[in-house]
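Novice: Here it is, the structure in full.
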Amino acid sequence: MFSQNPVFIPGPTNIPDRLRAAMNVQTQDHRAPDFVETFAPVLEDTKRVFDTTEGTIITFPASGTGGWEAAVTNTLSPGDKVLVARYGMFSHRWIDLCQRHGLDVQVIECAWGSGAPADKFQRILNADKAHEIKAVLVTHNETATGVVSDIGAVRRAMDAAGYPALLMVDAVSSLASMPFHFDDWGVDIAISGSQKGFMLATGMAILAASPKALVAMETAKLPRTFFDFRDMMAANATGGFPYTPPLQLIYGLRESLKMLFEEGLDNVYARHHRLAEGVRRAVQAWGLKLVAQSPDLYSDTVSAICVPDGFDSNALTDHAYGAYRVSFGVGLGEMNGKVFRIGHLGSLTEVMVLLGPTACHSSRLAPRRTTCGRPHRHGR
Ligand SMILES: Cc1ncc(COP(=O)(O)O)c(C=O)c1O
């Protein structure tokens with residue numbers, strides 16, 4: 001159960017005691033032989049979560065945002081064209097990061113609540129006979145809207161257009177909670193982080209890179225130092241790190257993988273689906289609507305819920321926190337005040353999840369149209 005206040009934010013997630021204990025290790029010499037023996041198997045085992053045998057696992061001491069930056073800077077050059085759809089705050093932020101790196105970003109504007117538009121990607125790729133687009137970027141699970149996108153459909157669209165671009169996928173809030181098939185979907189770079197499905201403290205960006213991405217890396221000219229795949233892979237080849245590794249997180253990841261494999265990845269995904277479905281039934285019973293436009297888009301890690309006109313969703317989240325110390329996610333960006341989010345990922349059981357909707361139900365009388373006066377909780 002929760003050892004502190006329940007968090008139903010869509011990450012960072014609850015850290016099970018077993019993982020907190022695993023991360024509670026004293027400083028060790030990261031150049032000693034036993035560190036080498038620890039780290040290499042962790043990288044190898046992580047491949048199972050991405051469902052890849054072909055990919056290389058690369059970790060950095062960073063959050064998911066650092067993972068985005070590593071993916072882009074290691075494979076692209078200034079002025080390169082990338083294709084991406086904006087359908088929520090996280091796809092928006094990845095676009096922003098690409099623009100700030102001097103990429104030529106072609107953005108497809110989509111309604112928030114929709115998913116990656118494979119058909120529109122295909123039309124654009126078909127028309128671009130010169131193959132100017134170097135990468136297609138997709139947010140698998142848009143945490144701001146509770147929408148999961150069909151990555152296989154994007155791959156099929158790229159293949160149907162005979163298009164050679166890289167496929168980069170943000171799997172920050174899906175990996176280790178929802179099925180992910182790096183090899184089958186032909187993903188070239190997938191990005192995740194330690195603090196969501198892996199149930200760990202924040203601080204490790206976890207990526208997988210395909211052989212094709214590693215070829216692109218050889219000619220990519222965007223500057224990178226801390227995030228350089230080449231330095232990391234050269235050090236990892238002998239079980240080491242190019243700089244001081246986040247030791248506690250590496251031990252945590254080793255234990256997290258054990259936990260995931262003990263439960264069985266398919267059971268982990270089935271549990272997330274079951275719990276998500278329970279939350280969705282509660283939402284339906286309240287007569288409220290999800291932001292996700294249709295059931296095929298429903299995320300099994302986070303539900304974004306619209307409050308009725310005339311209500312302020314921040315008043316609800318503040319009331320739940322103030323009265324019950326239960327944290328929900330606020331609406332982000334244009335959804336602030338209109339939407340709240342229930343995260344249902346990571347270390348959760350049926351009993352734990354029941355607490356969330358119960359607190360939410362009890363918060364239904366939160367005052368109308370209030371502003372909570374605590375701007376730090378409001379989403380940007
Ligand atoms: C889908 C998605 N992408 C990227 C990020 C950014 O990750 P971080 O906050 O770990 O930098 C998040 C964070 O919640 C996310 O949900």
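Novice: Would you point out which residue out of Ala21, Ala71 is open to solvent by 50 Å² or more (accessible area, probe 1.4 Å) and in a helix (DSSP H, G or I)?
Specialist: None of the other options fit; the residue is Ala21.
Novice: Continuing with this model, one more query. Leu125 versus (1) near the ligand (Cβ under 10 Å from one of its atoms); (2) farther than 26 Å from Gly333 by Cβ: which is the lone unmet condition?
Specialist: So Leu125 meets the others, but not (1).
Novice: Identify the single condition in (1) surrounded by fewer than 18 Cβ atoms within 10 Å (Cβ to Cβ); (2) within 16 Å of the ligand (Cβ to nearest atom) that Arg156 does not satisfy, given that it satisfies every other one.
Specialist: Here Arg156 meets the rest and fails (2).
Novice: Does Gly278 fit the bill of being at positive phi and either surrounded by fewer than 18 Cβ atoms within 10 Å (Cβ to Cβ) or β-branched (Val, Ile, Thr) (or both)?
Specialist: Answer is no for this residue.
Novice: Are any residues in the range 154-181 among the charged types (D, E, K, R) and within 21 Å of Thr301 (Cβ to Cβ), and if so, which ones?
Specialist: Asp170
Novice: Sticking with this one: Checking Asp34 against (1) modelled with pLDDT of 95 or more; (2) in a helix (DSSP H, G or I); (3) open to solvent by 50 Å² or more (accessible area, probe 1.4 Å): exactly one of these is not met. Which one?
Specialist: Every listed condition holds for Asp34 apart from (1).
Novice: Collect the residues in the range 281-298 that are assigned to a helix (DSSP H, G or I) and in contact with a strand residue (DSSP E or B) (Cβ under 6 Å, 6 or more places away or on another chain), keeping them in residue-number order.
Specialist: Val283, Leu297
Novice: Any idea which residue in the range 186-220 is nearest to the ligand (Cβ to nearest atom), counting only those that are within 16 Å of Gly67 (Cα to Cα) and assigned to a helix (DSSP H, G or I)?
Specialist: Top of the filtered list is Ala213.
Novice: Okay, moving on. So which residues in the range 201-237 are closer than 30 Å to Ala21 by Cβ and either open to solvent by less than 70 Å² (accessible area, probe 1.4 Å) or small (Gly, Ala, Ser) (or both)?
Specialist: Once the filter is applied, which keeps residues that are closer than 30 Å to Ala21 by Cβ and either open to solvent by less than 70 Å² (accessible area, probe 1.4 Å) or small (Gly, Ala, Ser) (or both), the range 201-237 yields Ala201, Gly203, Met204, Ala205, Ile206, Leu207, Ala208, Met232, Ala235, Asn236.
Novice: Something else about it: Would you be able to say whether some residue in the range 60-68 is more than 19 Å from the chain's Cα centre (by Cα) and either open to solvent by less than 60 Å² (accessible area, probe 1.4 Å) or at positive phi (or both)?
Specialist: no
The values are calculated or read from the model by the stated rules, or taken from the named source; none is laboratory data. Predicted model, so just to flag it, every value in this text is computed and none were measured. Neighbour counts run over all protein chains shown; Cβ positions are idealised from the backbone, glycine included. These area figures cover heavy atoms from the full protein model, side chains too; ligands, DNA and RNA do not enter into them. Shrake-Rupley method; radii C 1.70, N 1.55, O 1.52, S 1.80 Å.
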